Amino acid sequence: MLNAFPIYHWFRNGNPYSGAEGGMRYVITPCKRPDPADETGKKKLSFLCAQVWPGPWSIEHTAEEKIETQEFSADQQGLDAAVAWLKERYDAERSRWDNIPSILDCEPDR
C-alpha cells in the first residue's frame, strides 16, 4: 500500500519496510557505507535504499536485472522522496504491474 508507511523513526532504528501495490513489490531499507572522507574507515554514511521489482516472487527469487534501486538521504525528506519515487514507479508502468502472473503459473528467476 503506497499510502501507509511508518514514520522515519522506524528506519532510523534499522528496520526495513516492505510491501506490494498490485504486482509491484517494494522495500525501503536503511543502509550504511564507509565514509570516503574518513581515513580510519570507521565513520559510516547512512542512507535509505528503495527497491522495486515485479512479483509474484520475493526479491531473493527475482533476477537482478528486474530490480530497480534508488538511494535517498537518511532523514524525513529522504523518506518522503523514496515514497514519492515508489508512487512514480507504480504510476509510470501501471499496466506492467497489473499483468503479473500468479505464483502458481511461473517459476522463480533464481
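Observations on the structure shown:
- Within region 1-22, being touching a helix residue (DSSP H, G or I) at 6+ places or on another chain (Cβ under 7 Å) and assigned to a loop (DSSP other than H, G, I, E, B) holds for L2, F5, G22.
- Selected residue (criterion: surrounded by the most Cβ atoms within 10 Å (Cβ to Cβ)) from residues of region 81-110 that are under 26 Å from Y8 (Cα atoms) and out of contact with any strand residue (DSSP E or B) (no Cβ under 9 Å at 6 or more places or on another chain): A84
- Condition met for W57 (in contact with a strand residue (DSSP E or B) (Cβ under 6 Å, 6 or more places away or on another chain), among the aromatic types (F, W, Y) and under 26 Å from R110 (Cβ atoms)): no
- Taken over region 68-98, the criterion of being farther than 22 Å from P6 by Cβ and of a type in the set (A, V, I, L, M, F, W, C) is satisfied by A92, W97.
- Counting the residues of region 8-48 that are of a type outside the set (D, E) and farther than 28 Å from C106 by Cα gives 24.
- Matching entry among Q77, Q70 (being touching a helix residue (DSSP H, G or I) at 6+ places or on another chain (Cβ under 6 Å) and either assigned to a strand (DSSP E or B) or open to solvent by 80 Å² or more (accessible area, probe 1.4 Å) (or both)): Q70
- The set of residues in region 23-55 that are aliphatic (A, V, I, L, M) and either part of a strand (DSSP E or B) or open to solvent by less than 60 Å² (accessible area, probe 1.4 Å) (or both) comprises M24, V27, I28, L45, L48, A50, V52.
- In region 11-26, the residues that are closer than 22 Å to Q77 by Cβ never reach a residue that is charged (D, E, K, R) with C-beta atoms less than 6 angstrom apart, at least six apart or across chains.
- The C-beta contact set for region 82-110 (first residue within 15 Å of S58 (Cα to Cα), second residue assigned to a helix (DSSP H, G or I) and open to solvent by less than 50 Å² (accessible area, probe 1.4 Å), distance under 8 angstrom, 6+ apart or interchain) comprises W97/Y90.
- Lone unmet requirement of (1) in contact (Cβ under 8 Å) with a residue 24 or more places away in the chain; (2) farther than 18 Å from P101 by Cα; (3) surrounded by fewer than 16 Cβ atoms within 10 Å (Cβ to Cβ) for S58: (2)
The values are calculated or read from the model by the stated rules, or taken from the named source; none is laboratory data. All of these numbers come straight from a predicted model, not from anything done at the bench. Don't worry about glycine lacking a Cβ; one is built from the backbone with ideal geometry, like all the others, and counts go over all protein chains shown. Calculation scope for accessible area: heavy atoms of the full protein, side chains included, ligands and nucleic acids excluded. Shrake-Rupley method; radii C 1.70, N 1.55, O 1.52, S 1.80 Å.
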